[in-house]
Amino acid sequence: MAIPLAAFLAAGAQAAPAFTGIQEEVAQVERAFAATMKARDHAAFVSFLSEEAIFSGGTQPLRGKQAVADEWKKFYAKPAAPFSWEPDEVEVLASGTLAKTAGPVYGPDGTLIARFSSVWRLEAPKTWRIVFDGGTEVCKK
């Protein structure tokens, strides 16, 4: 089931604060990473992963680009995205080489289901790759 456009836009409007400079650069990278889910483009998703990536949140952490790529392939298998996300927090070290993003994760109906937190490393000029990623489910009312 696709996210109703109005719900997605309303949620996105609340979750998209204004960032400046390098924070905005990292926010745009996170948004491009999230867009791979909407576009159903697993290969593009994989291109954002560092070789050393560690994704947590399951029973065991996924260690390494290939392990993450293999496990996440299932999220790209169906025509509709099972979830979406958007950064509402971006912090960057003064060196400009490491950044943290965080924000809401929405289910296919636009319901808030979790929050993600990711760490990005500048691996080459203008090339940010994700090194750590995890999420926590939100408490249901």
| task | Roll a 1.4 angstrom probe over the protein heavy atoms and tell me the percent of accessible area of the chain that is carbon or sulfur. | result | 61 percent
| For the chain, what is the calculated [θ] at 222 nm in deg cm²/dmol (nearest 500), taking -39500 (n - 2.57) for each run of four or more DSSP H residues and dividing by its residue count? | -9500 deg cm²/dmol
| field | Contour minus Cα-Cα distance for ALA124 and GLN60 (0.36 nm per residue) | value | 20.1 nm
| field | Ordering of 71-82, 98-109 by burial proxy (mean other Cβ atoms within 10 Å per residue, highest first) | value | 98-109, 71-82
| task | Enter the accessible area per residue of the chain (Å², integer; probe 1.4 Å; all protein chains in place). | result | 57 Å²
| said: Starting from the 7 Å offset along Cα-to-Cβ, what nm value, one decimal, do you get for the label separation of ASP109 and ALA39? | reply: 3.0 nm
| task | Enter the accessible area of THR136 (Å², nearest 10), with the probe set to 1.4 Å and all protein chains included. | result | 90 Å²
| request: Describe numerically, in nm with one decimal, the distance between label points set 7 Å from Cα along Cα→Cβ at GLU51 and at GLU71. | output: 2.1 nm
| said: I need the fraction of alpha carbon pairs in region 28-141 separated by more than 18 Å, rounded to a whole percent. | reply: 49 percent
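The values are calculated or read from the model by the stated rules, or taken from the named source; none is laboratory data. Note that this is a predicted model, so its numbers are computed, not measured. Cβ: placed from backbone, ideal geometry, glycine included. Neighbour counts: every protein chain shown. Keep in mind that these areas ignore ligands, DNA and RNA; they rest on the heavy atoms of the full protein, side chains included. Shrake-Rupley method; radii C 1.70, N 1.55, O 1.52, S 1.80 Å.
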